[in-house]
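Remarks on the structure that follows.
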Amino acid sequence: MRRNAVLSAAAFVAAVTATSTRANAQGFGVYEHDACMMARAGTGVASPCNASAVFFNPAGIVGGGNRWNAQVGITMIAPRGDFTDSATVTATPSTKNNIPVPTLFVTRQLGSRWAVGLGVNAPYGLISEWPNTFEGRFLAYRADLKSIYIQPTIAYRIHPRVRVGAGVTIVHSQVELKQRVDLSEQEAQAGVTFAMLGVPTGTDFADATLNATGNSVGGHFGLLAQLTDRFSIGARFLTKVTVDLEGDATFRPVPTGITLAAGNPLGAPAGTPLDNVVSSAFTTTLASQTGATTLPMPAQLVVGVALRATNDLTVLADYQWVNWKSFEVLPLDFSVIGQDTLYEDYQNTSGYRVGAEYVASPKVTLRGGLLFHTAAAPDQTVTPLLPEGERAEGTLGLGIRLSPRARLDLAYQYIRQQDRRGRVTDPPARGPAGASANTGVYTSTANLFGASLAFGF
């Protein structure tokens, strides 16, 4: 087997960078890091909740009646979806996952004008998984991306009504991807593929796994202005982070079950298992090898307002812009396969969020919200790895005052993604022409449950 026989394996390694749960935030982003914010549809850059202001608006960590604020939380994400082939009308459901996303935030007031904080969360990542018999398995059948953000933060009150905040973002990313390799597409000899020799399309002969990690550093900034006693505005900017990922790709043989007949084009004796003929690939082109790529975590800008309409009712609205256009190409470098490039051609996205909270009693606060955002992936890059699209979402929740120093926040979020035509094979060309490879429809929904426990002392 020749070197270019496994270029699809190179492509799959890069493709891991597009992984995500299929029905979450824009692109492969995650925005549900606090049940209070989540219940308000993510609104609150002008009125953040609890210590999670470290992420949602670092300026908001200054103030409040407590010297210390601490918060722990978890969001359970349950994505569900399927792919329906347009020709056969066969629907393949994705593998059901219930994915926990934990968070931790701590802030400390340093007098009346300064505060410091620390946050740990995962604003990019999650899982996409399909059965290993799915027709898209040659692009990937499991992809797992975790990007952990550690955010040391400082904030300062520059005016009684104006606060600013900033901090360093330390990022650790880890990826795992599993993909099958199709023998029919590989070269048996120069210019001759196994398909030309009669091997059926979709013949699995290798199971490929990539594990890679990388670290990087960025920053985050916030502004919060209380224009009147009832009206505030806020803004937050999270810088782009570029992570250089390095790791190992391994390949495990998958039996084809094919036996060669007499007079076969490979010149092997009748009855020879085809697996014996291709086994040498696992010590040459498909030998364990190192790989590297560069993954951008896009910049985010959020601006918003909060209005305390009555003593008990607050309404909020946020606009979120994400620079997904930075996720355009992925350069690849492998120790055996060599170099390649994967094109994603993402586009920038806009998110629109409205929320409200009502203080029903001294111990109970009710919350709800709606949000909508556009899709990052163009038609030609809607794949099993990330068949994302425009999404409409609804949220609700409540806060329960457990004691003068403790509060429990609960939230539920439902996501309905617009059905999206996509592909299960490599496109014939870059750009819109690649959408001609789209052969079916992806559907996606998700249920999210969040809980946060906040303490002040």
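May I ask you to derive the relative contact order of the chain, considering only C-alpha pairs under 8 Å and at least 6 residues apart, and to give it as an integer percent? Write out the running numbers ahead of the final one.
Working: 1431 pairs, mean separation 93.1, N = 457.
Once normalised by length, the contact order is 20 percent.
Report relative contact order for region 42-115 in percent, whole number only (criteria: Cα-Cα under 8 Å, sequence separation at least 6).
Details: 107 pairs, mean separation 25.9, N = 74.
It rounds to 35 percent for region 42-115.
Gap in Å between the Cα centre of region 124-161 and the Cα centre of region 273-304?
19 Å
Take the solvent-accessible surface of the protein heavy atoms, probe 1.4 Å, and return the percent of it on the chain that carbon and sulfur atoms account for. Could you put the intermediate results ahead of the total?
Numbers: 10690 of 17920 Å².
That share works out to 60 percent.
A 32 angstrom limit on the alpha carbon distance is what I want to check against. Which of Lys146/Lys363; Lys96/Lys325; Lys146/Lys325 exceed it?
Long pairs (Cα-Cα over 32 Å): Lys146/Lys363.
Over all directions, the average projected area of the alpha-carbon convex hull for the chain comes to how many nm²?
Working: hull surface 87.6 nm².
Over every viewing direction, the Cα hull of the chain projects on average to 21.9 nm².
What span do the alpha-carbon atoms of region 271-347 cover on each of the three principal axes, reported in whole Å from largest to smallest?
For region 271-347, the Cα spread along each principal axis is 82, 28, 19 Å.
If we count GluC sites (Glu not before Pro) as exposed when they sit in a DSSP loop and have at most 16 other beta carbons within 10 Å, what is the longest stretch of the chain that avoids them all?
Longest run free of exposed loop sites: 1-327.
Are there trypsin sites (Lys or Arg not before Pro) in region 57-107 that DSSP marks as loop and that have at most 15 other Cβ atoms within 10 Å, and which are they?
On the way: sites: Arg67, Arg80, Lys96; in loops: Arg67, Lys96.
Filter output for region 57-107: Arg67, Lys96.
Just to confirm, what accessible area per residue do you get for the chain at 1.4 Å probe, in whole Å²?
Working: 17920 Å² over 457 residues.
For the chain, the per-residue accessible area is 39 Å².
Taking the mean number of other Cβ atoms within 10 Å as a proxy for protection, how do you rank 394-406, 416-428, 286-298 from highest to lowest?
On the way: 394-406: 16.0, 416-428: 18.3, 286-298: 20.2.
By packing density, highest mean first, the sequence is 286-298, 416-428, 394-406.
Could you state the orientation-averaged shadow area of the convex hull built on the Cα atoms of region 299-385, in nm² to one decimal? Don't jump to the answer; show the numbers that get you there.
On the way: hull surface 36.2 nm².
If you wrap the Cα atoms of region 299-385 in a convex hull and average its projections, you get 9.1 nm².
The values are calculated or read from the model by the stated rules, or taken from the named source; none is laboratory data. Quick caveat, the model's predicted, so the values are computed rather than measured. A quick note on method: Cβ atoms are made from the backbone with ideal geometry, for glycine too, and the neighbour counts reach across all protein chains shown. Heads up: the accessible areas ignore ligands, DNA and RNA and are worked out on the full protein's heavy atoms, side chains in. Shrake-Rupley method; radii C 1.70, N 1.55, O 1.52, S 1.80 Å.
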